[in-house]
1. Which one, Leu88, Gln1, Ala56, projects farthest toward the positive side of the charge dipole computed for the chain from Cβ point charges (K/R +1, D/E -1)?
2. From the list (1) 154; (2) 45; (3) 104, can you say which value of volume of the Cα convex hull per residue in Å³ was derived from the structure given?
3. Need the C-alpha centroid separation for segment 46-95 versus segment 3-17, integer Å.
4. Go ahead and run the numbers for FRET between Gln19 and Met39, Cβ-Cβ distance against an R0 of 25 Å, rounding to 0.05.
5. Multiplying the sequence separation of Lys61 and Gln1 by 0.36 nm and subtracting their Cα-Cα distance, what value in nm do you get?
6. Nearest 10 degrees, 0 to 90: what angle lies between the long axis of helix 2-102 and the longest principal axis of the chain (Cα atoms)?
7. Could you check the simple spin-label distance between Glu8 and Lys93, using points 7 Å along Cα→Cβ, in nm with one decimal?
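Read the figures in this text as sums done on the coordinates, not as results from a lab. Predicted, not measured: the structure shown is a model, and the values here were computed from it. So basically every Cβ, Gly included, is an ideal-geometry build from the backbone, and we count neighbours across all protein chains shown.
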Amino acid sequence: QLLREREEFEARVRTEAAQQLSVLQARLDAESIARQHQMAALEIETEQRRADLARAEREVKAAAANDALRAQALVQAAEEKAAEAAHLLNESKTREQELRDES
């Protein structure tokens with residue numbers, strides 16, 4: 001009787017230990033999966049940030065190129081106005097000289 005009770009007790013202890021071990025293994029597996037998902041989410045977020053940074057860099061470069069083109073156009077317009085002003089000044093001097101010569 002005592003031997004049978006001891007064997008039953010040991011069997012219950014082994015069963016309970018196996019169940020606890022199974023529960024612990026399931027928790028470890030769940031934590032591992034959660035960490036893998038977390039890492040995947042971080043990798044996705046990192047890639048998104050890299051893409052955002054690359055897009056921002058392209059936008060800045062495009063804006064700089066547009067600014068350079070606008071500046072070039074403004075310089076060209078200023079040079080044309082300066083040439084026009086020089087031409088008008090020469091015409092004015094020529095006309096002034098003609099008027100002096102007539103007098």
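1. Gln1
2. Here the calculated entry is (2).
3. One Cα centre to the other: 89 Å.
4. It comes to 0.25.
5. Values: separation 60, 0.36 × 60 = 21.60 nm, distance 8.90 nm.
12.7 nm is the gain from fully extending Lys61 to Gln1.
6. That helix lies at roughly 0 degrees to the long axis.
7. Reported label-point gap for Glu8 and Lys93 is 12.7 nm.
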